[in-house]
1. When the residues of region 100-117 are narrowed to those that are out of contact with any helix residue (DSSP H, G or I) (no Cβ under 6 Å at 6 or more places or on another chain) and under 15 Å from residue 41 (Cα atoms), which ends up surrounded by the most Cβ atoms within 10 Å (Cβ to Cβ)?
2. Can you pull out the residues in region 11-56 that are part of a helix (DSSP H, G or I) and free of Cβ contacts under 8 Å to residues at least 12 places away in the same chain?
3. Here are 77, 108: which of them is farther than 25 Å from residue 21 by Cα and free of Cβ contacts under 8 Å to residues at least 60 places away in the same chain?
4. Anything in region 68-91 that is surrounded by 12 or more Cβ atoms within 10 Å (Cβ to Cβ) and in contact with a strand residue (DSSP E or B) (Cβ under 8 Å, 6 or more places away or on another chain)? List them, or say none.
5. When you check residue 63 against the structure, is it modelled with pLDDT of 95 or more, surrounded by 13 or more Cβ atoms within 10 Å (Cβ to Cβ) and part of a loop (DSSP other than H, G, I, E, B), yes or no?
6. Given the criteria more than 17 Å from residue 7 (Cα to Cα) and either in contact with a strand residue (DSSP E or B) (Cβ under 7 Å, 6 or more places away or on another chain) or surrounded by 14 or more Cβ atoms within 10 Å (Cβ to Cβ) (or both), does residue 132 qualify?
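The values are calculated or read from the model by the stated rules, or taken from the named source; none is laboratory data. Quantities reported herein were computed from a predicted structural model and do not represent experimental measurements. Methodologically, a virtual Cβ is constructed for each residue, glycine included, from the backbone with ideal geometry; neighbour enumeration extends over all protein chains shown.
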């Protein structure tokens, strides 16, 4: 994969996170687990970008955001990823320490793939949680976004 492929994946990720945020905000009482998972998505995305840029961890991995705070934070983190993806060094090694205190070095390209897949995984959990609560989740399949022209 090259940088343009990752830019497209992150456009998908941004669109899908917005869709989930909108779906959760459209209900009177969104499931607490769903809100927590969405907060974790944005926190993990911020954490990985900070690791790549060798910056301090910007927020806890499981932050306590309120639903009305999440759209702003999601957009801010997505905007930072967009800037980074203008010229990523995909093969560069990124040294980091995980949440268990273990040290690793991973290629930036692998981290980018992880970020998108991690977010997709948790969006699936949110969809299942919303359905279990009798709510309609956002339709965030990649192919749907592509067919709708949402990601270029």
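1. By that ranking, first place goes to 113.
2. Of everything in region 11-56, those that are part of a helix (DSSP H, G or I) and free of Cβ contacts under 8 Å to residues at least 12 places away in the same chain turn out to be 32, 50.
3. Answer to the check: 108.
4. Residue satisfying the conditions is 90 alone.
5. For residue 63, the condition - modelled with pLDDT of 95 or more, surrounded by 13 or more Cβ atoms within 10 Å (Cβ to Cβ) and part of a loop (DSSP other than H, G, I, E, B) - is met.
6. no
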